[in-house]
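Asker: Sending over a structure as structure tokens; questions will come in a sec.
The values are calculated or read from the model by the stated rules, or taken from the named source; none is laboratory data. Nothing here was measured: the structure is a model prediction, and the numbers come from that model. FYI the Cβ positions are ideal-geometry reconstructions off the backbone, even for glycines, and counts take in every protein chain you see.
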Amino acid sequence: MALDLTLGDLSRLARIREVLAKNDPNGQFATLDMAEVHISDDALDRLTEVIDRHLHAAGRQPSAGTQVRMIVDPVLIRRKGQDLKALVMARLSERYAASTVVMDDGHPILHADETILDAAAVASHGADVIVSVGGGTITDVAKIAAERADVPVHIVVQTAASVDGFTDNFSVVLQNGVKTTLLSRWPEAVLTDTHVIAEAPHYLNASGFGELLSMYAAPGDWYLAARMGMDRRYAPVLLDMLALCGEGIEDWSGGVGRGEPEACARLATALAMRGIVTGVGGTTASLSGMEHLVSHMLDMVAGELHLPTGLHGAQVGVGSVIRAAAWEEFRDRRAAEGLPLARLFEAPPESRVTSAFEWLDPTGRIGAECWGRYGAKLAAWQAARPQSEAALADWAALEADHDRLSFGSHAIARYLHRAGAPMRPADLDPAPSDQRIHWVTANCQFMRERFTVADLLMLAGWWDDEGVARVLARAEAACAAAERAG
Ligand SMILES: [Zn+2]
């Protein structure tokens, strides 16, 4: 499908709205209630003009009495050597009654837990405008504060291209120590200063790059799920929008590694479009397949063992190489050994799932939760048998369509390597042991109802220790090749 849309349309969100409305076969898309995204080296010059526009839209007259709260964490962020937050505050106080709200829980990286969310909402009470200045966490905290304190205008000043959550209506928060994605609200506008992004610590932009690469992994899983009757919400327009994000990645991935402003701007732009695709899509499946399961499993283990969690995007990049390797392993083994279709419908027993989580949670709570989800997936799989048999019988078409939507392990590893982003498990911080990544990979299909290539490997009987080791060896080979290619 040719979408008469470009990444430049981020500055004309009405155009994106129109294209989505025309291509929503299942009537599942949410409204895009964000009005403006500006990514440029002078985006901050628009700050008060943008605020005034949205005050008017909310029926409030901008004045010296307009209450503006700038929500930040204590991290010092620079723009061309100057303190960015001081620069923003100077602009705000020239025109409005502006004050700074610093969220600080003593952690080196703020935790978006209930205490912090509550404190941000209380501090925002009575405000006309929230301006959040920071990364993904402070943005997510401010979205919830705007919602809870009924503040009509939220303007985001983005300071790193670390996640795709600046331009969506979700917040990732901590509930009882577990990361959870909550529906919150769209910001009215997102301002991204490309100097600021380029000066952000490299590991943050590298993490954003890792997250970006799930768009070359997850669509393969989503396509498989749709073809096999395991997901009825497949909407190709979302994949077409994602394809825009990757344009020219060959050329600009290296620039991300070198911290070049233009390449960092390109990354921020691609992540902004991804955020919109997730926010509008009515499902995260377009961007969240097996690679995200690997990341979520790492987080789950860290949470249970009270260990620090790693950066989400960095883990997703590593997971993307593993996901691609998993598909290649399935494809090659099917070609070499054949795949009797009947075998795919001999379901693994409940004990196979619950026993896998016993070491992590002896109370059995996690095992039972996972069996609930996996059992539901198996029931859906049995019910969809005619579709999956038909899809697998038409293998050449299935493989060709899949490969149009996703990249191989070598390509994904090459891009990650060029951008200086983690590609191997050992590149992560904290780095999981070989044994941990093996366990995470082997059991990731049990944690969610969503169907991925890991399910195919499991059902084919190719997901024993040897099968998992083969996939991880392929992923490693892809990383080694990326290193050799430089
Ligand atoms: Zn993600």
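Per-residue answers, yes or no, for (1) at positive phi; (2) surrounded by 16 or more Cβ atoms within 10 Å (Cβ to Cβ); (3) at pLDDT 95 or above:
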{"position": "ARG365", "(1), (2), (3)": "no, no, no"}
{"position": "CYS370", "(1), (2), (3)": "no, yes, no"}
{"position": "TRP395", "(1), (2), (3)": "no, no, yes"}
{"position": "LEU398", "(1), (2), (3)": "no, yes, yes"}
{"position": "SER409", "(1), (2), (3)": "no, yes, yes"}
{"position": "MET423", "(1), (2), (3)": "no, yes, yes"}
{"position": "ASP427", "(1), (2), (3)": "no, yes, yes"}
{"position": "PRO432", "(1), (2), (3)": "no, yes, yes"}
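Asker: Is it fair to say ARG352 is among the charged types (D, E, K, R), modelled with pLDDT of 95 or more and either more than 14 Å from the ligand (Cβ to nearest atom) or surrounded by fewer than 15 Cβ atoms within 10 Å (Cβ to Cβ) (or both)?
Answerer: no
Asker: Which residue pairs have Cβ atoms under 6 Å apart, sit 6 or more places apart or on different chains, and have a first residue in the range 105-118 that is touching a residue at least 24 places away in the same chain (Cβ under 8 Å) and a second that is surrounded by fewer than 16 Cβ atoms within 10 Å (Cβ to Cβ)?
Answerer: HIS111/ASP105; ILE116/ASP105
Asker: Based on what the data block shows, is ARG258 buried (at least 21 other Cβ atoms within 10 Å of the Cβ) and among the charged types (D, E, K, R)?
Answerer: Against the criterion (buried (at least 21 other Cβ atoms within 10 Å of the Cβ) and among the charged types (D, E, K, R)), ARG258 does not qualify.
Asker: Something else about it: Find the helices (runs of 4 or more DSSP H) located wholly in the range 188-237 whose residues include 1 or more that are under 13 Å from the mean Cα position of the chain (by Cα) and within 17 Å of GLY281 (Cα to Cα), and list them.
Answerer: 202-212, 218-227
Asker: Moving on. Take residues that are within 16 Å of the ligand (Cβ to nearest atom) and tell me which of the strands (runs of 3 or more DSSP E) falling wholly in the range 115-187 contain 2 or more.
Answerer: Answer list for the range 115-187: 170-175, 178-183.
Asker: Against the conditions (1) farther than 13 Å from LEU459 by Cα; (2) outside any loop (DSSP other than H, G, I, E, B); (3) among the aromatic types (Phe, Trp, Tyr), where does TRP359 fall short? Just the number, please.
Answerer: (2)
Asker: I'm told HIS107 meets every condition in (1) outside any helix (DSSP H, G or I); (2) closer than 26 Å to ASP33 by Cα; (3) not hydrophobic (A, V, I, L, M, F, W, C) except one. Can you identify the failing condition by its number?
Answerer: (2)
Asker: Next question. Of all residues in the range 1-59, count the ones that are of a type in the set (S, T, N, Q), surrounded by 15 or more Cβ atoms within 10 Å (Cβ to Cβ) and within 16 Å of THR167 (Cα to Cα).
Answerer: 1
Asker: Follow-up question, since we're still on this one. Could you tell me whether any residue of the range 375-394 is of a type in the set (Ser, Thr, Tyr), assigned to a helix (DSSP H, G or I) and either under 21 Å from HIS306 (Cα atoms) or touching a Gly at 6+ places or on another chain (Cβ under 7 Å) (or both)?
Answerer: Taking every residue of the range 375-394 in turn, at least one turns out to be of a type in the set (Ser, Thr, Tyr), assigned to a helix (DSSP H, G or I) and either under 21 Å from HIS306 (Cα atoms) or touching a Gly at 6+ places or on another chain (Cβ under 7 Å) (or both).
Asker: Look through LEU76, LEU32 and report the one residue that is closer than 28 Å to ALA112 by Cβ, part of a loop (DSSP other than H, G, I, E, B) and without any contact (Cβ under 8 Å) to a residue 24 or more places away in the chain.
Answerer: After applying the criteria, what remains is LEU76.
Asker: Which of the residues that make up the range 246-256 are in a helix (DSSP H, G or I) and either within 21 Å of the chain's Cα centre (by Cα) or over 20 Å from SER40 (Cβ atoms) (or both)?
Answerer: Of everything in the range 246-256, those that are in a helix (DSSP H, G or I) and either within 21 Å of the chain's Cα centre (by Cα) or over 20 Å from SER40 (Cβ atoms) (or both) turn out to be ILE249, GLU250, TRP252, SER253, GLY254, VAL256.
Asker: When only residues in the range 261-303 that are modelled with pLDDT under 95 and charged (D, E, K, R) count, which is surrounded by the most Cβ atoms within 10 Å (Cβ to Cβ)?
Answerer: The residue in question is ARG274.
Asker: I've got another one for you. Pairs only if they're at least six apart or on different chains, beta carbon under 7 angstrom, first in the range 293-311 and closer than 14 Å to LEU428 by Cα and within 13 Å of the ligand (Cβ to nearest atom), second in a loop (DSSP other than H, G, I, E, B) and among the acidic types (Asp, Glu); list them, first residue then second.
Answerer: The qualifying pairs are GLY310/ASP429.
Asker: Next question, about the same structure. With respect to PHE451, determine if the residue is closer than 21 Å to MET215 by Cβ, crowded, with 24+ Cβ neighbours inside 10 Å, in the same structural domain as ARG343 (by TED's automatic domain parsing) and among the aromatic types (Phe, Trp, Tyr).
Answerer: The answer is yes for PHE451.
Asker: Now for a separate question. Which members of the range 280-292 meet the condition of being within 16 Å of ALA30 (Cβ to Cβ) and more than 11 Å from the ligand (Cβ to nearest atom)?
Answerer: VAL280, GLY281, GLY282, THR283, ALA285, SER286
Asker: Taking into account only those residues within the range 158-173 that are farther than 9 Å from GLU211 by Cβ and out of contact with any Ser or Thr (no Cβ under 7 Å at 6 or more places or on another chain), which is surrounded by the fewest Cβ atoms within 10 Å (Cβ to Cβ)?
Answerer: Step by step, filter the range 158-173, then rank; the result is ALA160.
Asker: Name the residue, out of ALA314, ALA324, ALA384, ALA391, that is at pLDDT 95 or above, touching a Lys or Arg at 6+ places or on another chain (Cβ under 6 Å), assigned by TED's automatic domain parsing to the domain that holds TRP462 and surrounded by 15 or more Cβ atoms within 10 Å (Cβ to Cβ).
Answerer: It is ALA391.
Asker: Of everything in the range 423-473, what is outside any loop (DSSP other than H, G, I, E, B) and β-branched (Val, Ile, Thr)? Give them in sequence order.
Answerer: Answer for the range 423-473, where residues must be outside any loop (DSSP other than H, G, I, E, B) and β-branched (Val, Ile, Thr): ILE437, VAL440, THR441, VAL453, VAL468, VAL471.
Asker: Which one of these does ARG232 not meet: (1) among the basic types (Lys, Arg); (2) closer than 26 Å to CYS444 by Cβ; (3) surrounded by 24 or more Cβ atoms within 10 Å (Cβ to Cβ); (4) more than 14 Å from the ligand (Cβ to nearest atom)?
Answerer: Condition not satisfied by ARG232: (3).
Asker: While we're here: Looking at the range 35-67 only, could you name the residues that are under 30 Å from ALA270 (Cβ atoms) and not in a helix (DSSP H, G or I)?
Answerer: ALA35, GLU36, VAL37, HIS38, ILE39, SER40, ASP41, ASP42
Asker: Output yes when any residue across the range 86-95 is surrounded by 12 or more Cβ atoms within 10 Å (Cβ to Cβ), in contact with a helix residue (DSSP H, G or I) (Cβ under 9 Å, 6 or more places away or on another chain) and in a strand (DSSP E or B), and no when none is.
Answerer: No, the range 86-95 has no match at all.
Asker: Further question: It is to be established whether one or more residues within the range 328-342 are on the phi > 0 side of the Ramachandran plot, at pLDDT below 90 and not hydrophobic (A, V, I, L, M, F, W, C).
Answerer: No, that holds for no residue.
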